[in-house]
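Note sheet for the following structure.
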Ligand SMILES: [Zn+2]
């Protein structure tokens, strides 16, 4: 019995047999959840938990704190002083890296998605005066010189060069390979811990949700500042993608918490699609929020942000939207950034560190005038796309948005009670109206 569905019904509707169909109001993506496939455990099943060897403390992977010299020279770090205050230290020389413990570090990615060579050869990008000076200073100490040569060698060997070929390279061409460390467009923000403090076995990874709300705020604000900085890398930078892959099924190469930021010379395909939709439906964001509010998808809310179960995405998950008029991530004042961070942190904590997930930031790039909205999507990578999706472009989710709400809300209530997350309204306590997206 086909009947005409309103746009809000198309956004999410439960059919007579229990199938839930969703449509993304921005992109048109179709998602179905068929009954009987949910309620499976979401985390990665681990057959054995290996006890941690205390002698490996700080040394579990190349992002760990005793291995600062295995990653490219860091751009900056956040440290805490004795009184609990936070400070950013920029451009430390190699010999000072061990003098403080970085709570978060901003480092160039050793294997860039868009490389320095890409920017150099396609756009004539060269290191700025500052970047050149910083590189010269770094190389001036023997520790710095050795560090860079080791990392260049590691990268070249990993990308297929033989020891003989590396040995035959001139010093100049080896140093040329290091330009990307000082003037590249793919940075990582790496957290301090690999495992939670006091972890006994290797199941206790330190994910976003295991940070304190204050640590998570610093992490989020640092990411936003890095994004602004990368827009200044080159005039041809049109978009800076920011994301976090957590655990291998979500694309992470290390089980050590980090975000990635990648400058690209094009708008994201998602951005183009969203701009198209916005030109014909300028009220689309308010409509999405109305669906969230009226279809019982709300998860949490504080003074400046709201979280709701995402609908019409390839994977189930949680969306975090700043309230008020649209702003860019780096424009958020501390209060608003804390509000967004608190909800994102709570979403991670309720998801659990054993669930592979992608955190994706959406925002308006500076070259675009249309008021696109900054928001963050946390996607649970609990299923694998298969032939059905490839052939139909209809995506199957094992759990529907209402089941996301059911899973998350009780966990948030417990964590609010114990003080593990920031203050917020949860589930049915939320009061959201589309006008809250205006100033
Ligand atoms: Zn590690």
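Within region 74-89, does at least one residue satisfy the condition of being within 16 Å of the ligand (Cβ to nearest atom) and under 29 Å from residue 153 (Cβ atoms)? Spell out how you get there, then give the answer.
From region 74-89, those within 16 Å of the ligand (Cβ to nearest atom) are 74, 77; that's our starting set.
Imposing the further condition that a residue be under 29 Å from residue 153 (Cβ atoms) reduces the set to 74, 77.
Yes, the conditions are met somewhere in region 74-89.
Please give the helices (runs of 4 or more DSSP H) falling wholly within region 94-201 in which 3 or more residues are touching a helix residue (DSSP H, G or I) at 6+ places or on another chain (Cβ under 9 Å) and within 28 Å of residue 56 (Cβ to Cβ). Let's see the steps before the verdict.
On the way: elements: 116-123, 129-140, 142-158, 163-167, 171-176, 179-183.
Correct list: 142-158.
Give me a count of the residues in region 162-194 that are more than 18 Å from residue 118 (Cβ to Cβ), within 17 Å of the chain's Cα centre (by Cα) and away from the ligand (no atom under 16 Å from the Cβ).
The number of residues fulfilling the criteria is 0.
Return the residues of region 128-156 that are farther than 18 Å from residue 68 by Cβ and free of Cβ contacts under 8 Å to residues at least 40 places away in the same chain; say none if nothing qualifies.
129, 130, 133, 136, 140, 156, listed by residue number.
Return the pairs, sorted by first residue and then second, in which the second residue is surrounded by fewer than 16 Cβ atoms within 10 Å (Cβ to Cβ), the first residue lies in region 165-190 and is in contact (Cβ under 8 Å) with a residue 24 or more places away in the chain, the beta carbons are less than 6 Å apart, and the residues are 6+ apart or on different chains.
Taking only residues 6 or more apart or on different chains, the pairs are 186/113.
Hand me the list of helices (runs of 4 or more DSSP H) wholly inside region 323-439 holding 2 or more residues that are modelled with pLDDT under 95 and in contact with a strand residue (DSSP E or B) (Cβ under 9 Å, 6 or more places away or on another chain). Even if it seems obvious, please write down each step before you answer.
Details: elements: 334-351, 387-392, 401-418.
Correct list: 387-392.
Say we look at region 57-70 and pick out the residues that are within 22 Å of residue 174 (Cβ to Cβ) and touching a helix residue (DSSP H, G or I) at 6+ places or on another chain (Cβ under 7 Å); which of these is farthest from the ligand (Cβ to nearest atom)?
Restricting to residues being within 22 Å of residue 174 (Cβ to Cβ) and touching a helix residue (DSSP H, G or I) at 6+ places or on another chain (Cβ under 7 Å), the top hit is 69.
Quick test of your reading of the structure: residue 434 fulfils all but one of (1) touching a helix residue (DSSP H, G or I) at 6+ places or on another chain (Cβ under 6 Å); (2) free of Cβ contacts under 8 Å to residues at least 40 places away in the same chain. Name the failing condition by number.
(2)
Identify all residues within region 303-329 that are closer than 18 Å to residue 218 by Cα and buried (at least 18 other Cβ atoms within 10 Å of the Cβ); write none if there are none.
304, 305, 320, 322, 329
Would you confirm whether or not region 277-300 contains a residue that is within 16 Å of the ligand (Cβ to nearest atom), surrounded by 16 or more Cβ atoms within 10 Å (Cβ to Cβ) and closer than 27 Å to residue 213 by Cβ?
no
Against the conditions (1) part of a loop (DSSP other than H, G, I, E, B); (2) within 18 Å of residue 211 (Cα to Cα); (3) in contact with a strand residue (DSSP E or B) (Cβ under 9 Å, 6 or more places away or on another chain), where does residue 84 fall short? Just the number, please.
Residue 84 satisfies every listed condition except (3).
Of all residues in region 68-96, how many are without any contact (Cβ under 8 Å) to a residue 40 or more places away in the chain, more than 20 Å from residue 183 (Cβ to Cβ) and surrounded by 20 or more Cβ atoms within 10 Å (Cβ to Cβ)?
1
Take region 242-258 and flag every residue that is within 16 Å of the ligand (Cβ to nearest atom) and either surrounded by 17 or more Cβ atoms within 10 Å (Cβ to Cβ) or in contact (Cβ under 8 Å) with a residue 40 or more places away in the chain (or both).
Across region 242-258, the qualifying residues are 244, 245, 246, 247, 248, 252, 254, 255, 256, 257, 258.
Here are some residues: 267, 261. Which one is more than 16 Å from the ligand (Cβ to nearest atom) and part of a strand (DSSP E or B)?
Selected residue: 261, the only one of 267, 261 that is more than 16 Å from the ligand (Cβ to nearest atom) and part of a strand (DSSP E or B).
If you check residue 208 against the conditions, is it within 16 Å of the ligand (Cβ to nearest atom), within 14 Å of the chain's Cα centre (by Cα), more than 17 Å from residue 76 (Cα to Cα) and in contact (Cβ under 8 Å) with a residue 24 or more places away in the chain?
Answer is yes for this residue.
The values are calculated or read from the model by the stated rules, or taken from the named source; none is laboratory data. All values derive from a computational prediction rather than experimental measurement. A quick note on method: Cβ atoms are made from the backbone with ideal geometry, for glycine too, and the neighbour counts reach across all protein chains shown.
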